[in-house]
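A short worksheet on the structure shown next.
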Amino acid sequence: MRLIVNGEEQDVAAATLSELLAQLEFEGDWLATAVNGELVHRTERANHRLNDRDRIEILSPMKGG
Amino acid sequence: MLRLYGQELGSRMLLGTARYPSPAILADAVRQAAAEVVTVSLRRETAGGRQGGAFFELIRELGVRVLPNTAGCHTVSEAVLTAKMAREVFGTNWIKLEVIGHHDTLQPDIFGLVEAARILADEGFEVFPYTTDDLVVAERLVEAGCKVLMPWCAPIGSAMGPQNIAALRTMRAHFPDVPLIVDAGIGRPSHATTVMELGYDAVLLNTAVACAGNPALMAAAFAKAIAAGHAAFEAGMLEPRDMAVPSTPVIGKAVFS
């Protein structure tokens, strides 16, 4: 399946959002995820099935003003 | 005591966390300012979550309240989604709402700002809108559910200081019960004192501290300047007048000739 993760195309085998995070070695309870412009809560990631060409955003805390 | 969305704060200095020479210097500046609120952002993670995790740990250790922002968002949908993701990460309903309308000046898109503020307030967010000093926009933001307003005094990072004192004064007069925080454009402590003397409730700073030669020392200087301006406003200042007024009593003055 081909996904766009943080703006970059990637071929992945993951079926769900939580599997994708594990495959990409994203860890930590400070991450936020969105699929196709909609927030996916951390409690919903395991049930959120991915589709070809989905756009995934994985964000984390950063300095800001 | 400053009260923002029901939270009581001892410090009237809110501090951004960007552009410091190092995390240690950021931490030192926050302590020197005695800041109780810091602004943070969300960005795409590239290192498996480790970069964000390290920064998040630093903020946790400071023991301060977090005000996430939607910096860099140019549309309502971007800002709303970023706010929701920030709530997920930081576990707070507070959001510093930025909807940028102009690339060069970073001036807020006030139309998008009001729309996004309404959506977020309806979803339970406690919105801190980064806005212009326009009174009508401020009224719309309050109608949309904002209980705090954050007008700029000059473009972000410009260090120009208050450019429109009259507009800031008018906003203060029209919203006596809404906490007003000057956000953006402060360059030096005397700028902060000036807006506090106008009766503003707090100042949000970043670049002026982070890019100073000695950020921690500058943070301390700003903290004193903000406290001084606030005390002066509370104390009640003289209005300027054209003519001299003798400060020493005239009655009882000796006559030598």
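For this structure, a couple of remarks:
- The range B:40-85: C-alpha gyration tensor shape, a/c 1.5 cut-off, then a/b vs b/c: oblate
- Sorted from longest to shortest, the spans of the Cα atoms of the range B:122-189 along the three principal axes equal 36, 23, 18 Å.
- Heavy-atom accessible area per residue - the range B:65-219, 1.4 Å, Å²: 37
- Distance histogram in 10 Å bins (all Cα pairs of the range B:210-257, percent per bin): 18, 23, 22, 19, 12, 6, 0
- Centre separation in Å (Cα based) which lies between the range B:194-215 and the range B:1-56: 15
- For the range A:1-41: rounded, prolate or oblate by the Cα gyration tensor [a/c cutoff 1.5]: oblate
- Per residue of A:27-40, other chain Cβ atoms within 10 Å of the residue Cβ number 6 on average.
- Value of Rg to Rh for the range B:138-257, rounded to two decimals, is 1.16; Kirkwood radius and Rg both from alpha-carbon coordinates.
- Three principal axis extents of the protein assembly as shown based on alpha-carbon atoms, in descending order, are 105, 40, 35 Å.
- Where Cα atoms sit under 27 Å apart: lysine pairs in the protein assembly as shown separated by 8 or more or lying on different chains: 9
- Whether the range B:1-78 is rounded, prolate or oblate, judged on the alpha carbon gyration tensor where a/c under 1.5 counts as rounded: oblate
- Two numbers describe the Cα atoms of chain B: Rg and Dmax, which are 20.3, 90 Å.
- Compactness of the range B:28-163 was expressed as the Cα radius of gyration divided by 2.2 N^0.38 Å, which yields 1.07.
The values are calculated or read from the model by the stated rules, or taken from the named source; none is laboratory data. Because the structure is predicted, anything quoted here is derived from the model rather than measured. Ideal geometry is used to build each Cβ from the backbone, glycine not excepted, and the neighbour counts take in all protein chains shown. Heavy atoms of the whole protein, side chains included, go into the accessibility calculation; ligands, DNA and RNA do not. Shrake-Rupley method; radii C 1.70, N 1.55, O 1.52, S 1.80 Å.
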